[in-house]
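Accompanying notes for the structure given below.
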Amino acid sequence: MGDPYGHWKNERLLASQAESQKPYWNELYKQFFPTMVSSSLCDGDSDMVAQEHGIDRIIYLRDGKKVLIDEKWRSKDWGDIALEMSSSVEHQRPGWIEKDSWADFICYHTPSKTYMLNTHQLKNAWQRNKDKWVKLYRAVWAKNARYTSLSYAVPVAVLFLAMAQVNIIG
């Protein structure tokens, strides 16, 4: 049996795009945002600029505010969050955790749980802990025909504690 953490990124991307279209996501998002009135998907065909800045979905709230969401998918709940450090190791391209993003939240889906992660807190926690985490936690390599991405699987409890600590100075 091969590496249980390895996967083909193209297959995962196609599956996540199909999954994003399912109607139950609005009900899920309403649990995170009770004043949600609607949502819209940003796809590469209709809104390339939003996609390039990490926006997959826009949540519209009753008070007129918009919440920008970057959706991430994992085929199994491993008890960690895979933080993509490089989207292409061969081309030295930064992963989503390293790039600037317009997203307010990362909505990280697994078959058993959905995590709504504040983007600022998540990226701040990554910057503060990156050197330690890349030494401590498992590397996840995602192979594609032309490139390989590299993520680090940070345990959920460790990540949540680090995200809470970025809200405290002193």
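The values are calculated or read from the model by the stated rules, or taken from the named source; none is laboratory data. Note that this is a predicted model, so its numbers are computed, not measured. Don't worry about glycine lacking a Cβ; one is built from the backbone with ideal geometry, like all the others, and counts go over all protein chains shown. Side chains are part of the model used for accessible areas, which takes the heavy atoms of the whole protein and leaves out ligands, DNA and RNA. Shrake-Rupley method; radii C 1.70, N 1.55, O 1.52, S 1.80 Å.
Close amide-amide hydrogen proximity is noted between residue 72 and 107, 108, 109, each under 5 Å apart and 5 or more residues distant or on a separate chain (H modeled in the peptide plane; Pro and chain starts excluded).
To the nearest 10, the accessible area of residue 163 is 10 Å² with a 1.4 Å probe.
Note on residue 65 and residue 100: the model spin-label points, each 7 Å out from Cα along the C-beta direction, lie 2.3 nm apart. Spacing of the modelled spin labels on residue 49 and residue 37, each 7 Å from Cα toward Cβ, amounts to 2.4 nm. Distance between the modelled labels on residue 168 and residue 139, one decimal in nanometres: 3.3 nm (7 Å Cα→Cβ projection).
Ordered by solvent-accessible area of protein heavy atoms (1.4 Å probe), largest first, the residues 74, 146 come out as 146, 74. Volume per residue of the convex hull around the Cα atoms, evaluated for the range 78-138, comes out as 104 Å³. Remark: the range 34-141 carries 54 Å² of accessible area per residue (probe radius 1.4 Å; ligands, DNA and RNA excluded).
Once all protein chains are placed together, residue 100 keeps about 150 Å² accessible to a 1.4 angstrom probe. Go through 82, 94, 69 and say which Cα lies farthest out towards the positive end of the charge dipole of the range 45-101; charges sit on Cβ, +1 for Lys and Arg, -1 for Asp and Glu. Selected residue: 69.
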